[in-house]
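Notes follow the structure.
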Amino acid sequence: MGTAVLGAGPAGLTAAYVLGLRGMPGVVYEADGLVGGIAKTVEYSGYRFDLGGHRFFTKFAQIERLWEDVMGDEFL
């Protein structure tokens with residue numbers, strides 16, 4: 001039996017990743033066809049639109065370190 005994670009935005013992907021690090025199975029469910037939640041870029045009629053900010057911000061140092069480890073030099 002695993003944990004259902006609803007939404008493939010930054011929070012949902014982080015939750016699934018941490019579950020995996022702890023050896024716990026998790027399944028991510030996303031209603032849209034693309035991951036990223038509000039942090040994604042969509043294309044419409046040949047134009048690209050950012051749905052939300054693409055800079056990561058958190059007040060929690062532990063979460064920031066986790067994303068720095070995952071993203072490396074691409075982390076903003």
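Bear in mind that the values in this text are calculations on the coordinates, not laboratory data. Please read these numbers as outputs of a predicted model, since none were measured by experiment. With ideal geometry, Cβ positions are generated from the backbone for all residues, glycine too; neighbour counts draw on all protein chains shown.
So the values come out like this:
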read-out: Given (1) in contact (Cβ under 8 Å) with a residue 24 or more places away in the chain; (2) within 14 Å of residue 11 (Cβ to Cβ), number of the condition residue 27 does not satisfy; value: (2)
read-out: Residue 42, sole failed condition from (1) surrounded by 12 or more Cβ atoms within 10 Å (Cβ to Cβ); (2) among the β-branched types (Val, Ile, Thr); (3) within 29 Å of residue 1 (Cα to Cα); value: (3)
read-out: Number of positions in region 1-53 that are in a loop (DSSP other than H, G, I, E, B) and of a type in the set (A, V, I, L, M, F, W, C); value: 7
read-out: Matching residues, region 55-74, being part of a loop (DSSP other than H, G, I, E, B) and surrounded by fewer than 12 Cβ atoms within 10 Å (Cβ to Cβ); value: 55, 57, 59, 60
